[in-house]
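The values are calculated or read from the model by the stated rules, or taken from the named source; none is laboratory data. Quantities reported herein were computed from a predicted structural model and do not represent experimental measurements. Quick reminder, even Gly has a Cβ in these numbers, built from the backbone with ideal geometry, and neighbours come from all protein chains shown. These accessible areas exclude ligands, DNA and RNA; they are computed on the full protein's heavy atoms, side chains included. Shrake-Rupley method; radii C 1.70, N 1.55, O 1.52, S 1.80 Å.
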Amino acid sequence: MVALTIHGETAAYERWLAQHVCLVPEDLTFKHERMGSGAFAFMRATYYRWARLWTELCGELGAAPAVLSVGDVHVENFGTWRDAEGRLVWGVNDFDECLPLPWTHDLVRLATSAHLAIVAQRLRVRRPDACRAILEGYTRSLREGGRPFVLAERHRWLRKLALASLRPPARFWKRLEQLPDVVRPVPAIALAELRAALPAPDLAFRVVHRRAG
């Protein structure tokens, strides 16, 4: 097998992706520019590369027993949301690449992303401390059987931190309202799912083009 360069592997991945979803050329160009902005952004955008190389580079860690894993986990794939009862919850918020993997996978990738975020000055913590916190948190979750981080009931220090960094909703919605409508037809199944998620079936809405991630 001929080893692909990152350019060749990215092109191959995007050809495969185009067989399953509609790609927007302008957004791909924007993504490529972001990929070149630094190691952390590059890691976020190239999980297909990581998935192929990590067992080769990490040796025996890739032979650990498989468990249900996040896959494309990194420090910016954690956030807050409101649950069905309106409580503020913290945790992983991206499961696009979720699948069974060696249990070591998510720990290695999360620790790697923490290292890169620290180098890029996105995290203010020492690298050994970050790795220690990741391992301790994973171990404790296994020991306690896992539970959601409901910030109103536990982890009040995290709740204070989350509330202090919440963005003003008026500014958020103003930016969304200024986004352009999508040009391509939206699949009927996607529109049906959007309507089903609304608090009332007769609410008016429009679908806009937004870049994120």
> Under a GNM of the chain (C-alpha, springs under 10 Å), which listed residue has the highest mean-square fluctuation: 38, 145, 59?
Replying inline: 145
> At what distance in angstrom do the alpha carbon centres of the range 115-156 and the range 62-80 lie from each other?
Replying inline: 13
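Taking the Cα centre of the chain as origin and charging only Cβ (+1 Lys, Arg; -1 Asp, Glu), how large is the dipole, in debye to the nearest 20? Write down the numbers at each step before the final one.
On the way: 30 positive and 23 negative charges, 193 e Å.
The dipole of the chain has a size of about 920 debye.
How big is the charge dipole of the range 41-134 about its Cα centre, in debye rounded to the nearest 20, if each Lys and Arg gets +1 on its Cβ and each Asp and Glu gets -1 on its Cβ?
Values: 11 positive and 11 negative charges, 92 e Å.
My answer is approximately 440 debye.
If I take all pairs of Cα atoms in the chain, what percentage of them are more than 30 Å from each other? Walk me through the numbers before you get to the answer.
Numbers: 8075 of 22578 pairs.
Counting pairs separated by more than 30 Å, the tail of P(r) holds 36 percent.
Determine the per residue accessible area of the chain with all protein chains present and a 1.4 angstrom probe, expressed in square angstrom.
Numbers: 15370 Å² over 213 residues.
Using a 1.4 Å probe on heavy atoms only, each residue of the chain averages 72 Å².
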> Order of 179-192, 81-94 by packing, highest average Cβ count within 10 Å first?
Replying inline: 81-94, 179-192
> In terms of modelled amide H atoms, which long-range or inter-chain residues lie less than 5 Å from the amide H of residue 97?
Replying inline: 72
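Determine the dipole magnitude for the range 79-126: charges of +1 sit on the beta-carbon of Lys and Arg, -1 on that of Asp and Glu, nothing else is charged, the reference point is the Cα centre, and the result goes in debye to the nearest 20.
On the way: 6 positive and 6 negative charges, 82 e Å.
For this selection, approximately 400 debye.
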>> From Cα pairs below 8 angstrom and at least 6 apart in sequence, can you work out the relative contact order of the chain, rounded to a whole percent?
In response: 15
>> Considering only C-alpha atoms, what is the centroid distance from the range 81-111 to the range 15-44, in Å?
In response: 22
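How large, in percent, is the carbon and sulfur part of the accessible surface of the chain at a probe radius of 1.4 Å? Don't jump to the answer; show the numbers that get you there.
Working: 9140 of 15370 Å².
Taking all protein chains in place, the chain shows 59 percent carbon and sulfur surface.
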>> From the phi angles alone, apply the Karplus equation (6.51, -1.76, 1.60; θ = phi - 60°) to the range 83-100 and give each ³J(HN,Hα) in whole Hz, x where the residue is Gly or Pro.
In response: 7, 4, 9, x, 7, 7, 10, 10, x, 5, 10, 9, 10, 4, 10, 5, 6, x
